[in-house]
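*Asks:* Starting off with a structure, shown below.
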Amino acid sequence: MELRALKLNKESLIEKNELLQRENFNLQQMIGRLKNDLLFLEHIARQELGLVGKEDLILKPKQIEGIVKND
């Protein structure tokens, strides 16, 4: 009985290890892209941080009598 529990625990640890290895590989790929791919870096900055580029136009809606109006 104890041997079976140890085998199940071993299998569980192997699966967790494989998952962590895949996650580590994906993170290494992301680090590489962030270091070397400026378009990808810009995409992440825009999507996750809400940053804008030098050439971007920022439209600010007018507020009339408490109602926001987009012009």
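The values are calculated or read from the model by the stated rules, or taken from the named source; none is laboratory data. Nothing here was measured: the structure is a model prediction, and the numbers come from that model. Neighbour counts run over all protein chains shown; Cβ positions are idealised from the backbone, glycine included.
*Asks:* Of the residues that make up the stretch 62-69, is at least one surrounded by 10 or more Cβ atoms within 10 Å (Cβ to Cβ) and outside any strand (DSSP E or B)?
*Replies:* No.
*Asks:* Which of the residues belonging to the stretch 1-47 are outside any helix (DSSP H, G or I) and farther than 30 Å from residue 57 by Cα?
*Replies:* The one that is outside any helix (DSSP H, G or I) and farther than 30 Å from residue 57 by Cα: 1.
*Asks:* Based on what the data block shows, is residue 53 surrounded by fewer than 10 Cβ atoms within 10 Å (Cβ to Cβ), at pLDDT below 95 and in contact with a helix residue (DSSP H, G or I) (Cβ under 8 Å, 6 or more places away or on another chain)?
*Replies:* yes
*Asks:* Moving to a separate point now. Among the residues that make up the stretch 39-47, is at least one of them over 14 Å from the mean Cα position of the chain (by Cα) and of a type outside the set (Val, Ile, Thr)?
*Replies:* yes
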